[in-house]
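Novice: Pasting a structure below so you can have a look.
The values are calculated or read from the model by the stated rules, or taken from the named source; none is laboratory data. This one's a predicted model, so the numbers in the text were calculated from it and none came from an experiment. No Cβ is skipped: glycine too gets one built from the backbone with ideal geometry, and neighbour counts run over all protein chains shown.
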Amino acid sequence: MISDTPGPPDLSGGDFDSLNPLRPDAVRVRGATRRGKPCELVDNTGERLPRAELESILAALVEQDAFGFNIASAKGGHTLDLERRESAHVQVGEKLYRLLVYRYEARIEPF
């Protein structure tokens, strides 16, 4: 592992969602999927990332068809997971953040 790359989160005290609740000051940017379903990007960093950056990230997720159901799981199975959560990283300015994509919501979280 690269020395400055954060490792996986410590989930010994519970699951990720319960350990990282939505902040009261979370910023929501709403949009629509390519099929017209409502979707949104939530800035849950507490840093109030630039709205233009958030809109750009949401547009890229919509373009990549990241929301909704996938026919196969990312791990290679053929089972739909209605509670699916996929993670990636996104850079805004000089900082790297965790990006979680749920069925119709994506969240940007700090490490």
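Novice: With respect to Thr5, is the statement that it is at pLDDT 95 or above, part of a loop (DSSP other than H, G, I, E, B) and closer than 22 Å to Leu96 by Cβ true?
Specialist: No: the conditions fail for Thr5.
Novice: Also, I was wondering about something else. Hey, any hits in the range 61-83 for a residue that's surrounded by 10 or more Cβ atoms within 10 Å (Cβ to Cβ) and modelled with pLDDT of 95 or more?
Specialist: Looking for residues that are surrounded by 10 or more Cβ atoms within 10 Å (Cβ to Cβ) and modelled with pLDDT of 95 or more, one finds at least one in the range 61-83, hence yes.
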